[in-house]
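The next block holds one structure in the form of structure tokens; read it before the comments.
The values are calculated or read from the model by the stated rules, or taken from the named source; none is laboratory data. It should be emphasised that the depicted structure is a prediction, and the values quoted were computed from it without experimental measurement. With ideal geometry, Cβ positions are generated from the backbone for all residues, glycine too; neighbour counts draw on all protein chains shown. Ligands, DNA and RNA are stripped out before the accessible areas are found, and what is left, the full protein with its side chains, is counted by its heavy atoms. Shrake-Rupley method; radii C 1.70, N 1.55, O 1.52, S 1.80 Å.
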Amino acid sequence: PAGTLTRLQSAPLEQVLQIYALVTGRIVLRPNTLPAAQLTLDASQMELTKEEAIQALDSVLSLNGITMIPVGNKFVTAVPTAQALQEAAAFSDVDSEDLPEAGQFVTKIVQLKYAPPSEIMPLVQGFSKIQNGIVPIDSTMTMVIRDNAANVKRMMEIITRVDVEVERDYKLEARSLALDLLS
């Protein structure tokens, strides 16, 4: 409920994961290899909705090297961020402008129209938090992007601006060889 999350001051990871389970209504699945983090989150200045509380928790966990990946409707897997690419996260159909400005893990498939994915990749790679989280597939003009929602949102903004049709500044002229000889 709103107001459940107020203040965590150097809270042990186990406590934060218990709060995460309470707020999301999901069972947290976790390996024993998570970083031993002490997390701080101060939301005492304002009341957060359930969605905002989840975004805040996802973000503070992400900042501490832990990625939360929803699994179905009842579970969420907590993994070290470096291991997130090995998890089978569901694909996001959310429009890029509707992605949250938070640390929620997102997998997005992007169909490009004009620019080869291998040319776009270096432009967006600087926004990626997860190494090897961007896979270009030139043969199908597709990119698979796996990262935090805020990073994917920035990447999508760049892609929208650079994957455009380039106007050609030349004219195709067909001339007859016979006309050239007569001139």
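List the relative contact order of the chain as a percent without decimals, with contacts defined as Cα pairs under 8 Å and 6+ residues apart. Mind dumping the intermediate values first?
Values: 289 pairs, mean separation 31.0, N = 183.
It rounds to 17 percent for the chain.
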Taking the reciprocal of mean 1/r across every pair of different Cα atoms in the stretch 18-109, the Kirkwood radius in Å is 13.9
In Å, the C-alpha Rg and Dmax of the chain are 23.1, 90
Once THR142 and GLU157 are pulled to full extension, the length gained, defined as 0.36 nm per residue separation minus their Cα-Cα distance, is 3.8 nm
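Applying 1/(1 + (r/R0)^6) with R0 = 35 Å to the Cβ-Cβ distance of LEU63 and GLU167, what FRET efficiency is obtained, to the nearest 0.05?
Values: r = 43 Å, r/R0 = 1.23.
According to the calculation, E is roughly 0.20.
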Under the Karplus relation with 6.51, -1.76 and 1.60 and θ = phi - 60°, whole-Hz ³J(HN,Hα) for the stretch 101-109, x at Gly and Pro, equal 8, 8, x, 6, 6, 9, 10, 10, 9
Semi-axes of the stretch 61-160 from the Cα gyration tensor (sqrt of 5 times each eigenvalue, largest first, whole Å) come to 23, 13, 13
1/(1 + (r/R0)^6) with r = Cβ-Cβ of TYR114 and ASN73, R0 = 25 Å, i.e. FRET efficiency to nearest 0.05, evaluates to 0.05
Residue by residue through the stretch 160-165, the couplings from Karplus 6.51 cos²θ - 1.76 cosθ + 1.60 with θ = phi - 60°, in Hz, x for Gly and Pro, are 4, 7, 9, 8, 10, 6
Going residue by residue through the stretch 44-49, the Karplus relation 6.51 cos²θ - 1.76 cosθ + 1.60 with θ = phi - 60° gives ³J(HN,Hα) values, rounded to whole Hz and with x marking Gly or Pro, of 6, 6, 8, 8, 9, 6
Restricting to lysines and to Cα separations under 26 Å from LYS50, and discarding same-chain partners fewer than 8 apart, the set is LYS74, LYS108, LYS129, LYS153
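Going by accessible area, probe 1.4 Å, with all protein chains left in place, what is the ranking of ASP98, ASP147, largest first?
On the way: ASP98 100, ASP147 0 Å².
Output order, biggest surface exposure first: ASP98, ASP147.
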Taking 118-131, 101-114 and ranking on average Cβ neighbours within 10 Å, highest first, one gets 101-114, 118-131
